[in-house]
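Here is the structure we will look at, set down as structure tokens.
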């Protein structure tokens, strides 16, 4: 049974893993100067984390199913904290890249345990509230990551400069680890379960083969190796599908549940739009509006305020509207982005953007938690870790795919200026949010029946 501190403890773990995905963006210029790093090394400071994180999530979730979710959560916290120390003390770019890869791998071990713990430790209305709190935490970490980074670098705590962006994880990680042993319940399925090593290798390699070209392809102009990598990923997944094992890494029967499959597609589309939006909005704020890192971070605040309001309202609307609250969130986002498109075209003061950003953030908040609740609603407890791993993997694949596509759209419009490129990106994002409203109709009518 969960205790009073269970929820904040596990949410602290997921907060720092998502925060570290975004906080480093603001630190990149000072890291490059301090470590005399080249463009390729700096790119891998970001990409190395994302690749290790995204490709390891399914395995991390399955390890929690086998060895215990609290145990894997605690091990992930320890490794993430140690990797953060290595990042903060890195004497050169190569060390920093290696430490970031280790950070991503630790995050992949830690992150899926959170959803699995929430799915097994809570039930009924308490589970709805817990998953909504999870979505709220993830969204706020993503929205405010650049703001937190800007504040920390501006403050220059103890003269550490960019290094404090990583070292701040140490006291947080230690505190969360101490609390884990006291308030987080252990859970694992009964019976002997073996890790499918062959299946693990196939799925992990397939994810690497999918994510690597998505992360690197646009920068390199989509050379031949990127398409060969996609083909290899498809072949590896096909080989996995034809395997038979008593304890598969991913039980393919999960995908027979319509709520899981349709919800997963909806989640993929949602994260495609969200990650792409944060990227081009940050570029527009700094290059199009001339804001510095801290000011650009502050302009994300209205999105965060809207997201907070939408997340808090979502459980009540879910109880009344069911799946259509996700569609409503998508349509609300489309409205906010349309207003933003018109406002950007007017090229007025930055403050004019605030109403559109509030509406956009509100739509994000309405949609995010109900999507995750829908995906996990009918998953059996003994598959909770694997399902959480698949869900969080879909988030990472969606984010990488969205960034890859928006890069083509945004940089294709760049000859006309940053503002025009941003407008092109907004048109694409409006289309993606409308697709979400359509995908929701594939969900069963009564995927969540509890009331918050």
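Scanning segment 13-26 for residues that are crowded, with 23+ Cβ neighbours inside 10 Å and more than 12 Å from the chain's Cα centre (by Cα) yields 13, 23, 24, 26. Restricting attention to segment 216-227 and to residues that are assigned to a helix (DSSP H, G or I) and touching a helix residue (DSSP H, G or I) at 6+ places or on another chain (Cβ under 9 Å), the residue that is surrounded by the fewest Cβ atoms within 10 Å (Cβ to Cβ) turns out to be 220. More than 22 Å from the chain's Cα centre (by Cα) and crowded, with 18+ Cβ neighbours inside 10 Å: which single residue out of 314, 356, 345, 334 fits that description? Answer to the selection: 356.
Can you tell which of 249, 268, 279 is part of a loop (DSSP other than H, G, I, E, B), under 25 Å from residue 47 (Cβ atoms) and touching a residue at least 40 places away in the same chain (Cβ under 8 Å)?
249
In this structure, residue 263 does satisfy being within 28 Å of residue 390 (Cβ to Cβ), in contact (Cβ under 8 Å) with a residue 40 or more places away in the chain and crowded, with 23+ Cβ neighbours inside 10 Å.
Only a single item in (1) free of Cβ contacts under 8 Å to residues at least 60 places away in the same chain; (2) farther than 28 Å from residue 115 by Cα; (3) in contact with a helix residue (DSSP H, G or I) (Cβ under 8 Å, 6 or more places away or on another chain) is not met by residue 298, and it is number (1).
Considering each of 255, 270, 260 in turn, give the residue that is at pLDDT 85 or above, closer than 25 Å to residue 374 by Cβ and touching a helix residue (DSSP H, G or I) at 6+ places or on another chain (Cβ under 9 Å).
After applying the criteria, what remains is 270.
The values are calculated or read from the model by the stated rules, or taken from the named source; none is laboratory data. On a predicted model such as this, the values are computed, not experimentally measured, just so you know. Note that each Cβ is placed from the backbone with ideal geometry, even for glycine, and that neighbours are counted across all protein chains shown.
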